[in-house]
1. For the stretch 163-184: of the residues being of a type in the set (S, T, N, Q) and surrounded by 19 or more Cβ atoms within 10 Å (Cβ to Cβ), which is modelled with the lowest pLDDT?
2. Among the numbered criteria (1) modelled with pLDDT under 80; (2) surrounded by 20 or more Cβ atoms within 10 Å (Cβ to Cβ); (3) under 26 Å from Ala174 (Cβ atoms), which single criterion is violated by Met46?
3. Among the candidates Ala212, Ala149, which residue alone is under 19 Å from Ile55 (Cβ atoms), at pLDDT below 80 and among the hydrophobic types (A, V, I, L, M, F, W, C)?
4. For the stretch 203-239, what are the residues that are among the small types (Gly, Ala, Ser) and either touching a residue at least 60 places away in the same chain (Cβ under 8 Å) or outside any helix (DSSP H, G or I) (or both)?
5. May I ask you to list the residues in the stretch 17-36 that are among the small types (Gly, Ala, Ser) and under 15 Å from the mean Cα position of the chain (by Cα)?
6. Any idea which residue in the stretch 10-43 is modelled with the highest pLDDT, counting only those that are touching a helix residue (DSSP H, G or I) at 6+ places or on another chain (Cβ under 8 Å) and of a type in the set (S, T, N, Q)?
7. Taking Ser159 as the residue in question, decide whether it is modelled with pLDDT of 85 or more, assigned to a helix (DSSP H, G or I), closer than 18 Å to Phe28 by Cα and within 20 Å of the chain's Cα centre (by Cα).
8. Just wondering, is there one or more residues in the stretch 185-198 that are at pLDDT 75 or above and either more than 16 Å from the chain's Cα centre (by Cα) or not β-branched (Val, Ile, Thr) (or both)?
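The values are calculated or read from the model by the stated rules, or taken from the named source; none is laboratory data. None of the values given here were measured: they were computed from a predicted structure. Cβ placement follows ideal geometry from the backbone for every residue including glycine, while neighbour counts extend to all protein chains displayed.
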Amino acid sequence: MKTFPALWKRELAAMFLSPIAYVMLTFFLLITGCGFYWLVKENLEMIRSIQGLVIVIWFCMLIVIPILTMRSFAEERKSGTFETLFTAPVHNSTVVLAKFFGVWGFFLLMCAPTLLYPVIVRLLDPAAAILLDGGPLLTSYLTIGLISAAFTALGLLFSALTSNQIIAAIGTFAIMGILFFGALIEPTISKSMAVREICAYISSALHLMEAARGIFDSRSIIFYLSTTVFFLFATVKAVEIRR
């Protein structure tokens with residue numbers, strides 16, 4: 001793991017040097033900014049604005065993460081650096097973790113400016129102090145961090161499985177969509193209570209809405225941490241196979 005800091009800096013620097021990353025950053029801030037402005041303008045209850053903001057961030061996550069992760073390993077093969085990277089005296093898991101924290105760190109930096117939105121509203125309208133309530137705001141961003149970690153690991157897995165960046169992005173988008181809409185489709189796919197509970201449990205939409213109300217369920221932590229570890233482990237195995 002001594003080589004991890006150097007590899008992590010390499011991946012994070014590659015994100016900042018990528019034109020696609022800046023396009024995604026502009027898209028993310030534009031959508032979240034306009035979305036939060038509209039929510040604050042239309043809703044008198046500021047707590048509903050927080051709930052709306054986390055859903056807007058999730059919508060952007062659905063588009064941004066597949067595009068950021070699709071190039072992780074696929075680009076290495078395209079540019080011919082895959083063999084050079086993996087013939088170096090470095091463990092596969094170190095490379096995978098460096099790429100994971102590089103993309104995930106960049107996404108968290110994208111989310112950082114959205115923390116200013118509630119502060120700006122508070123300055124413009126002192127009556128909206130509820131926006132700065134540490135409960136809903138903190139649980140919302142912690143949940144977003146957990147969900148984005150799991151989906152970043154998922155994107156890395158698809159990028160490791162295929163040499164085509166488009167296929168990697170579409171595969172990641174499809175699984176993320178299923179996990180998001182799980183709670184919406186569960187009433188139509190089965191009358192079994194067990195199936196409905198499973199669909200509700202994997203639905204990131206429900207987790208986000210609960211977090212926006214200040215509810216931070218330990219089951220969400222367990223689910224997303226275990227999912228992240230599983231996808232990272234599968235990515236390491238996929239890289240070993242392709243080597």
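1. Gln165
2. Going through (1) modelled with pLDDT under 80; (2) surrounded by 20 or more Cβ atoms within 10 Å (Cβ to Cβ); (3) under 26 Å from Ala174 (Cβ atoms) one by one, Met46 breaks only (3).
3. On the way: Ala149 fails: at pLDDT below 80.
Answer to the check: Ala212.
4. First, the residues of the stretch 203-239 that are among the small types (Gly, Ala, Ser): 203-205, 211-212, 214, 218, 220, 226, 234, 238.
Ser203, Ser204, Ala205, Ala211, Ala212, Gly214, Ser220, Ala234, Ala238 - these are the residues of the stretch 203-239 that are among the small types (Gly, Ala, Ser) and either touching a residue at least 60 places away in the same chain (Cβ under 8 Å) or outside any helix (DSSP H, G or I) (or both).
5. The one that is among the small types (Gly, Ala, Ser) and under 15 Å from the mean Cα position of the chain (by Cα): Ala21.
6. Among those that are touching a helix residue (DSSP H, G or I) at 6+ places or on another chain (Cβ under 8 Å) and of a type in the set (S, T, N, Q), it is Thr32.
7. Values: modelled with pLDDT of 85 or more: yes; assigned to a helix (DSSP H, G or I): yes; closer than 18 Å to Phe28 by Cα: no; within 20 Å of the chain's Cα centre (by Cα): yes.
Against the criterion (modelled with pLDDT of 85 or more, assigned to a helix (DSSP H, G or I), closer than 18 Å to Phe28 by Cα and within 20 Å of the chain's Cα centre (by Cα)), Ser159 does not qualify.
8. No, the stretch 185-198 has no match at all.
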